[in-house]
Amino acid sequence: MTLKTVLAGTASLCLIAGAVQAQDQEPITLGIPVFLSGAASGPFGLPQRNAAEVIIAELNAGNLPAPYDTKGINGRMVEANYVDEAADAVQEYRNMAEREGVDAVVGYTSSGNCKAVAPLAEELQQLTVLVDCGTPQIFESVVTDPTYLFRTGPTGTIDSVGAARYLVDTGVDMSEVAGINQNYAWGQDAWADFTGSLIALDTGSDIATEQFPQVFAGQYGAEISALLTSGAKAIHTSFWGGDLEAFILQAAPRGLFARSAVVMTTGEAAMQRLPNEIPEGAIIGARGPYSYFAPESELATWFRDAYEKAHGQPPSYPAWKMAQALLGLKSAWEKAGSDDPAAIAKAFENLEYETPAGTVRMAIGNGHQAVQGIAYGTYKQDADGNPGVENVIAYAAECVNPPNDTTAAAWIEAGFPGASCN
Amino acid sequence: MMPTLDFRRDHLFVAVLALLVIVGFFLPSWMRFLIQTAMASGLVALGVMLQMRAGLVSFGQGLFFCIGGYAVGLLAAKAGITDVALLLPAAALAALVIGLVLGLLLSRYREIFYAMLTLAVSMILYGLLVKAASLGSTDGFNIPAVSYFGFVPDQAARPDWSYALTGVVVLAGCLGALAYLRSGAGAMLDAVRENEIRLSYLGTSPRVLVFVVYAVAAVLSGLGGGLWAISSGHVDPEMTYWTTSGQFVFVALLAGRGSVVAPVMAYFLLELLRTYALDIAPNAWQLILGSAMLAVIVLLPRGLWSLVARART
């Protein structure tokens, strides 16, 4: 036996041992808190869970296109543990981290829940990826020195900044502007950012009326009348879910959309459900470059097809955000090449990775908060009645996000310093 | 069977609870946290139970839970006062002051009017907090780590300290409630429920009794809210939403009125059931919870404590 054969033999033995080990490895368990009950379950929780099911099943089967064509995450299979976000977030987060011992937590839609669990992620040193939640406060004031906490969804800031820019860029008369937003943190923040953006863009707008109905009120007759009589040429709304659908159904027959340019920052989520009721020309957003606004790519086409095959309808934007979170975790994990949470967190920082919605960069919040661009367009049905968008303008991430060292509110107030738009 | 009137031996059960709290200290951390939040919330359910002894159902006890929580939160996060020696008395005091003022009005009402008015007041606070953008509206705000009489435990020891604090304060709260129930004002609560006219005829004012029980319940609930806020590190207006208040009423019903420790223990059982229901059936956990509630109401109309009471007699 020569030295060469011994070496070759040892090497092949090692390879076989390695392969056996890979198959025997314990699966990675992910705790996935999404809304499974309550008003947010239909528009957010279910598409998010459906997307997680699709992505995890296809990852385990190795069916994703490049660069995600390796099986599982770092060679290990992935298991999901779904939890209802509507229950006590802090208690259930602890249960996932300490009782179930999940390897990572991927989820959360409510900003209140994100704020409540953010310090816990650092305290328990639990790798955590926040999927959605609009508030920019997570890395601005709640956890300013993050290690284990990440958010792969862009903040709600881009919705309002993008909406204001779109109205200005499409030449809408901005002399009189009105808003209708739900009276809770989300609606208040969205409207504050929007009006701040108008000042930053120097539109010289008068606020004709600002309506703040109760969240989940369902009836907006009085508010719509107020909007109609206010004479506003442009109207902003951050309504979502059932409230958004109720608003469309009640405002369209009264001619609000014909009289004013109405921008609905989460409008995309209603397109599949109300294709014939949304008036053509209504301005639609998807809280990022998702769904109809996603740049063409193999990954985007694959995700649309795989989701539609599994669940019978195309994915709405919350599904895209979930896919983006899981792929971010996979990218970071495989870049680290280790199962050590600290190493994965290190690799996740400032990561740049591909998603169905284009490239995501973990650029702000000390490398823990994703930035993405945003696009708006006007609603249009094609000849077969399929919903779609036209007149799309996409804004780059640098155009609608604050730089790393500035809070969103301060950045808007200062008039978008450092923004670069093409 | 009449509900228990005799609280002379109830301190034994407080001792049992103290023993369980000590055992709880050595359980896994998620379970210990569950016990901790259940104890804090259980104190609020105890406040509801005291009022039930007078035949009054408070559907707005979340009001004081929230006042206690926000008192702690505002002092710690906005005013920079982070010592529990100041935070918890502030929570109790804030609840007491509001309780005394509202008590003047509410002590005039009974039955459904009392329930609806307490509910209304708690929802007014909810509405105000939702409109307060500077307090984070519905998102609420986070509370920094607290110190204990000048001592700041390091991060690893923080859960031990907050558990110990919760245990001590809740046990003290139970003993306080017990002393109250054994006093004349406490013992006469049952008389308010049974026959108010006769009570007046004997020279006692039912209105004063109701006023006192409302204030006592307010203080207990404020303390519970303060402890809960320190435990979870986050407060939001959900604390005074009617579903939160409804949960306290439910736990008081589930527990029964026979012992001051019953609401605390029942709260723990409910939380335990909830977390396992969530684990087993993430899509249908409310169904499991609802069935359990229905079963207790049908099979044990006097609450879970009736099992203990029956074993004693």
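The values are calculated or read from the model by the stated rules, or taken from the named source; none is laboratory data. In this text, all values refer to a predicted model and were calculated from it rather than measured experimentally. For neighbour counting, all protein chains shown are included, and Cβ atoms are generated from backbone atoms with ideal geometry for every residue, glycine included.
Structure values in brief
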read-out	value
Qualifying residue in segment A:84-93 (condition: within 27 Å of residue B:270 (Cβ to Cβ), surrounded by fewer than 17 Cβ atoms within 10 Å (Cβ to Cβ) and assigned by TED's automatic domain parsing to the domain that holds residue A:334)	no
Count - residues of segment B:228-267 that are of a type in the set (Asp, Glu) and either in a helix (DSSP H, G or I) or free of Cβ contacts under 8 Å to residues at least 40 places away in the same chain (or both)	1
Scan of segment B:128-151 for residues that are exposed (fewer than 14 other Cβ atoms within 10 Å of the Cβ) and either over 19 Å from residue A:115 (Cα atoms) or modelled with pLDDT of 90 or more (or both), ordered by number	B:128, B:149, B:150, B:151
Pairs, first within 9 Å of residue A:37 (Cα to Cα) in segment A:82-94, second part of a strand (DSSP E or B) and at pLDDT 90 or above, C-beta under 8 Å, six or more apart	A:84/A:33; A:84/A:34; A:85/A:33; A:85/A:34; A:85/A:107
Inter-residue pairs, beta-carbon under 7 Å, first of a type in the set (D, E, K, R) and in segment A:274-301, second assigned to a helix (DSSP H, G or I), 6+ apart	A:277/A:248; A:277/A:249; A:287/A:159; A:287/A:317
Qualifying position, being closer than 24 Å to residue A:135 by Cα and either in a helix (DSSP H, G or I) or modelled with pLDDT of 95 or more (or both), among A:320, A:333	A:320
Residue check, residue B:273 free of Cβ contacts under 8 Å to residues at least 40 places away in the same chain and within 22 Å of the chain's Cα centre (by Cα)	yes
Only one of A:196, A:162, A:204, A:187 that is more than 14 Å from chain B (Cβ to nearest Cβ) and either within 24 Å of the chain's Cα centre (by Cα) or in a helix (DSSP H, G or I) (or both)	A:162
Flag if residue B:255 is surrounded by 17 or more Cβ atoms within 10 Å (Cβ to Cβ) and more than 18 Å from the chain's Cα centre (by Cα)	no
Any hit, segment B:107-115, residues being of a type in the set (D, E, K, R), farther than 15 Å from residue B:69 by Cα and in a helix (DSSP H, G or I)	yes
Residue satisfying condition, being touching a residue at least 12 places away in the same chain (Cβ under 8 Å), surrounded by 17 or more Cβ atoms within 10 Å (Cβ to Cβ) and of a type outside the set (D, E, K, R), within set A:385, A:365	A:365
Which listed residue, of A:100, A:140, is surrounded by fewer than 22 Cβ atoms within 10 Å (Cβ to Cβ), touching a helix residue (DSSP H, G or I) at 6+ places or on another chain (Cβ under 9 Å), within 27 Å of residue B:243 (Cβ to Cβ) and not hydroxyl-bearing (Ser, Thr, Tyr)	A:100
Hits in segment B:1-35 (condition: touching a Leu at 6+ places or on another chain (Cβ under 8 Å) and in a helix (DSSP H, G or I))	B:10, B:11, B:14, B:17, B:18, B:21, B:34, B:35
Residue match in segment A:347-363 (condition: in contact with a strand residue (DSSP E or B) (Cβ under 6 Å, 6 or more places away or on another chain) and under 23 Å from residue A:237 (Cβ atoms))	no
Residue in segment B:47-62 that is assigned to a loop (DSSP other than H, G, I, E, B), within 14 Å of chain A (Cβ to nearest Cβ) and surrounded by fewer than 24 Cβ atoms within 10 Å (Cβ to Cβ) present	no
Residue list for segment A:205-256, filter: small (Gly, Ala, Ser) and in contact with a Phe, Trp or Tyr (Cβ under 9 Å, 6 or more places away or on another chain)	A:238, A:241, A:242, A:246, A:251
Residue in segment A:62-83 that is modelled with pLDDT of 90 or more, within 10 Å of chain B (Cβ to nearest Cβ), within 23 Å of the chain's Cα centre (by Cα) and under 29 Å from residue A:359 (Cβ atoms) present	yes
Qualifying residue in segment B:188-196 (condition: in contact with a strand residue (DSSP E or B) (Cβ under 6 Å, 6 or more places away or on another chain) and either crowded, with 16+ Cβ neighbours inside 10 Å or within 24 Å of residue A:94 (Cβ to Cβ) (or both))	no
Counted residues, segment B:267-313 - those being of a type in the set (A, V, I, L, M) and farther than 22 Å from residue B:31 by Cβ	14
Any hit, segment A:219-235, residues being within 16 Å of residue A:164 (Cβ to Cβ), of a type in the set (D, E, K, R) and without any contact (Cβ under 8 Å) to a residue 60 or more places away in the chain	no
Every residue from segment B:291-313 that is of a type outside the set (S, T, N, Q), exposed (fewer than 12 other Cβ atoms within 10 Å of the Cβ) and at pLDDT 85 or above	B:294, B:295, B:298, B:299
Qualifying residue in segment B:288-299 (condition: away from chain A (no Cβ under 14 Å) and at positive phi)	no
Checklist (1) assigned to a helix (DSSP H, G or I); (2) closer than 27 Å to residue A:111 by Cα applied to residue B:144, failing item	(1)
Segment A:229-254, subset of a type in the set (S, T, N, Q) and within 27 Å of the chain's Cα centre (by Cα), residue farthest from residue A:207 (Cα to Cα)	A:238
Given (1) part of a helix (DSSP H, G or I); (2) at pLDDT 95 or above, index of the condition residue A:398 fails	(2)
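Residue-wise test of (1) of a type outside the set (Val, Ile, Thr); (2) in the same structural domain as residue A:302 (by TED's automatic domain parsing); (3) touching a Pro at 6+ places or on another chain (Cβ under 6 Å).
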position: A:43; (1), (2), (3): yes, yes, no
position: A:50; (1), (2), (3): yes, yes, no
position: A:54; (1), (2), (3): no, yes, no
position: A:64; (1), (2), (3): yes, yes, no
position: A:74; (1), (2), (3): yes, yes, no
position: A:82; (1), (2), (3): yes, yes, yes
position: A:129; (1), (2), (3): no, yes, no
position: A:133; (1), (2), (3): yes, yes, no
position: A:138; (1), (2), (3): no, yes, no
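Matching residues to (1) crowded, with 19+ Cβ neighbours inside 10 Å; (2) in contact with a helix residue (DSSP H, G or I) (Cβ under 7 Å, 6 or more places away or on another chain); (3) polar (S, T, N, Q):
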residue: A:232; (1), (2), (3): yes, no, no
residue: A:238; (1), (2), (3): yes, yes, yes
residue: A:241; (1), (2), (3): yes, yes, no
residue: A:245; (1), (2), (3): yes, yes, no
residue: A:250; (1), (2), (3): no, yes, yes
residue: A:256; (1), (2), (3): yes, yes, no
residue: A:259; (1), (2), (3): no, yes, no
residue: A:262; (1), (2), (3): yes, yes, no
residue: A:268; (1), (2), (3): yes, yes, no
